[in-house]
Amino acid sequence: VSKFLTVAALTATVASGIRLSAPFLLAALGETMGQRSGVLNLGVDGVMLLGAFATYYTVLQTGDLWVGVLAGGAVGLIMGLVTAIVSVTLKAEQGISGIGVYLFGLGVTDLLFQKLVGTPRPISSLPAFKIPLLGDIPLIGKMFFRHNVLVYAAFALVVVLAFVLNRTTFGTNVKAVGENPAAADSLGVSVTRTRYTTVLIGNMLAGLAGATLAVELGIFQQNLTAGQGFIAIALVYFGAWRPTGVLAGSLLYGMVAATVLAWKSLGIIPRGASDLAAMAPAVITVIALVVVARRFRQPAALARPFVRGL
Amino acid sequence: MVATKVTRLWKRSRGRLRVGSLAPVIAAVGALVVGAVMLWALGASPLHAYRVLFQEAFGSVDALASTAVKAIPLVLVGVGITIAFRANVLNIGGEGQMVVGGLTATVTALAFPRLPAPVLIPLVLLGGAAGGALWGGIPGALKAYFNVNEILSTIMLNIVAVQVMNSLLRGPLLDQTQVGGLSRVPQTERLSHSADLPILIGGTRLHAGVLVALIAAAAAYVLLWRTTLGFRLRAVGLSREASRYAGMPVRRTITLALALSGAMAGLAGAVLVFGSESHRMVTDGTTTGFTGAAGFNGIVVALFGGLHPLGTVLASFLFGGLLVGGNALQRAVQVPSALIVALNGLIVVFVVSTEFVRRRARLRPESPEGARDVGPGPEPAVEPEPLAAGTDLVEP
């Protein structure tokens, strides 16, 4: 353990924890928007996979990382449109339709990867951007201010979404639609338009979360996300539907993951126990769900389609 | 005379036939059309591909036997999903429950290597069901007593299950002959011969697991519609409030619904181990490596089968064929079988996008919104049992 408690190891772990939490943060913030308006999107993992593949493949073809990231976001938007049609317009059972989207994403990305790429080829990963001055602060600079742009964007988004939800008319509408769509509707707020907007934003962020994974890892493989999208959904509950709560959850998750990785590479965790260590995040999540469920209430209309006049 | 009778019967049945009951057919056709577009985009002839798929799935005795074998876990998981769904609980944890069921069944077989087949087979099946019941009962109890959304907890327990499997198969349960070897395939030793599920038709892979699945489906039907417990499950599914006023133990029923659902999935896990050709439990590090994604596909067949055990059996046979035929696509038209996973996803989306599921299961009575929302003020603070997260997912 003493190997882990060196300054260098700790700084590296914190830095990697922040980097690892970015995809969770993007996906979970997107999911928060949807859930606050009353739409449960369980397809996040599938959309992340599609976004990651779109990014990977575009970068492979064009060599341009930013075009790739855009492609990831665009695929997210398309899936958002599908999700919105299914969940909002067709009023499907959201607890299940999302599993369908997940399976679709899982299958299609595997299919396309095998068919279009075949043998895995790495793409260049996004370079870190050192923020001037701040990045030069000893230790702190290394931990917080030498990441790639997508990581900064993910963290900035917490502030943006907190502001949108709490300080704008649109945010108030989103919350009203999620709590009492009939009342919102009677006051002239379009439930359908509000939910379409949040679902589109949410899925675009899920696509970008996938893109972030792809450009950080520089590769794609079957089931690249390994369930991260589902964990992102759990983080929304963990964060009690608040952007700041989601931030705390994502950071915790990233830090735990980074610590486990560091301990593994330092040999602190014996080989046999590494499988058990890998289940720690899921177990923590279940416990967190119990705690949160006792204290916070989910949006009252969550996963309930709105039918006017009933 | 006969002709008029037939016409009358047809007319009457047509009167009853609404668009809703055609929904699964529409969904399947829709998915096949999208699948055809995908095949075409990948440079394969859709017609040829589908012909190969059908031929390989249903074209011969061998094909039918393989299809039936693939259908076994789907039937079991699907029937389990149906039970949970009828009680208004969504079980997304079939994958994890299958894995744990497979593990407990394996441990049971390892513990009693000397028992004769007539004793050992039922015992290992029970072992599997018990493991699955435990893995389903945990989220059930968390939902009933701690208000935890079962969708999330079952998904998290899937993640936990796969790690338990990996650590057991790489550690305590590892085949001793693998220990010294270089590759160390994470698998158990060949399990007791007495635990092998007997082959029903010589020369094929059709084993007694088919009977297990059919018996389980029949049992689920009897349970749901011929017993008090089944009535309670369905009553709780229709209205938790009304059931509580009627004096039913709502929390216990919810826990039981997920435990029973998990038991079915656990049984599926056991059948996978003892009906496999290698007669041992192997892991490739993922759940789907063991389950073949049956935990998720079980949701597909349950929905497709109208959340009824009989429908689930028929749907499983169909989807079993899709899986068998899908494997043949790789050889015949060079399209990876991942296409089938994508198609299954589409079918789920298509089926739930129709009125079908809601109407069939009557999960959403006529007024899906309102009643409680426009009630006198917010009342969660004084509600005796706060509605669980998952509750709101399907209850008005």
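Taken together, the values in this text are just the output of simple stated rules run on the coordinates, not laboratory data. Note that the coordinates shown come from a computational prediction; the quantities given were computed from them, not determined experimentally. Note: ideal-geometry Cβ built from the backbone for every residue, glycine included; neighbour counts use all protein chains shown.
Below, the figures for the structure above:
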{"quantity": "Amide H partners (placed H, <5 Å) of B:His207, local residues excluded", "calculated": "B:Leu200"}
{"quantity": "Sum of side-chain charges, B:Ala294 neighbourhood, beta-carbon under 10 Å (Lys, Arg +1; Asp, Glu -1)", "calculated": "0"}
{"quantity": "Part-to-part distance (alpha-carbon centres) for the range A:61-100 and the range B:291-325, which is given in Å", "calculated": "26 Å"}
{"quantity": "Cα-based Kirkwood hydrodynamic radius, the range B:113-255, one decimal, Å", "calculated": "18.8 Å"}
{"quantity": "Shape box of the range A:108-160 [Cα atoms, principal axes, largest first, Å]", "calculated": "47, 26, 14"}
{"quantity": "Rounded FRET efficiency, nearest 0.05, which uses the C-beta distance separating A:Phe163 from A:Ala248 and R0 of 22 Å", "calculated": "0.80"}
{"quantity": "Projected-area mean, the range B:63-141, by convex hull of Cα positions, square nanometres", "calculated": "6.4 nm²"}
{"quantity": "Ranked list, fewest to most other Cβ atoms within 10 Å of each Cβ, for A:Leu139, A:Leu90", "calculated": "A:Leu139, A:Leu90"}
{"quantity": "Ratio of Rg to Rh over the protein assembly as shown (Cα coordinates, Kirkwood Rh, two decimals)", "calculated": "0.97"}
{"quantity": "Over the range A:240-292: Kirkwood hydrodynamic radius from C-alpha pairwise inverse distances, Å", "calculated": "12.1 Å"}
{"quantity": "Neighbour-count order for B:Ser261, B:Ser316, fewest beta carbons within 10 angstrom listed first", "calculated": "B:Ser316, B:Ser261"}
{"quantity": "Net charge, A:Asp136 excluded, C-beta distance under 12 Å - Lys, Arg +1, Asp, Glu -1", "calculated": "+3"}
{"quantity": "Degrees between helix A:280-295 axis and first principal axis of chain A (Cα, 0 to 90, nearest 10)", "calculated": "40 degrees"}
{"quantity": "Inter-centroid distance (Cα atoms) of the range A:159-203 relative to the range B:141-177, Å", "calculated": "37 Å"}
{"quantity": "Where a label projected 7 Å from the Cα of B:Ile199 along Cα→Cβ would reach, residues of the range B:271-308 with amide N under 14 Å", "calculated": "B:275-279"}
{"quantity": "Directionally averaged projected area (convex hull, Cα atoms, the range A:37-116), nm²", "calculated": "5.2 nm²"}
{"quantity": "Between the range B:195-225 and the range B:34-53, the Cα center-to-center distance that results, in Å", "calculated": "33 Å"}
{"quantity": "Per-bin percent of Cα-Cα distances, the range A:1-149 [5 Å]", "calculated": "2, 9, 13, 16, 15, 14, 12, 10, 6, 3, 1, 0"}
{"quantity": "Spacing of the two label points (7 Å from each Cα toward its C-beta) at A:Ser2 and A:Ser125, in nm", "calculated": "3.1 nm"}
{"quantity": "Tail weight of P(r) past 22 Å, computed on alpha-carbon pairs of the range A:94-205, percent", "calculated": "61 percent"}
{"quantity": "Approximate spin-label separation A:Ala226-B:Ala117, in nm, with each point projected 7 Å along Cα-to-Cβ", "calculated": "4.1 nm"}
{"quantity": "Förster radius 30 Å - calculated FRET efficiency between B:Val222 and B:Tyr145, Cβ distance, rounded to 0.05", "calculated": "0.60"}
{"quantity": "Local net charge near A:Leu150, Cβ-Cβ under 10 Å (Lys/Arg +1, Asp/Glu -1)", "calculated": "0"}
{"quantity": "Calculated P(r) of chain A - Cα pairs past 24 Å, %", "calculated": "54 percent"}
{"quantity": "Calculated SAXS-style log₁₀ I(q)/I(0) at q = 0.09, 0.18, 0.22 Å⁻¹ - the range B:214-349, Debye, Cα scatterers", "calculated": "-0.36, -1.13, -1.40"}
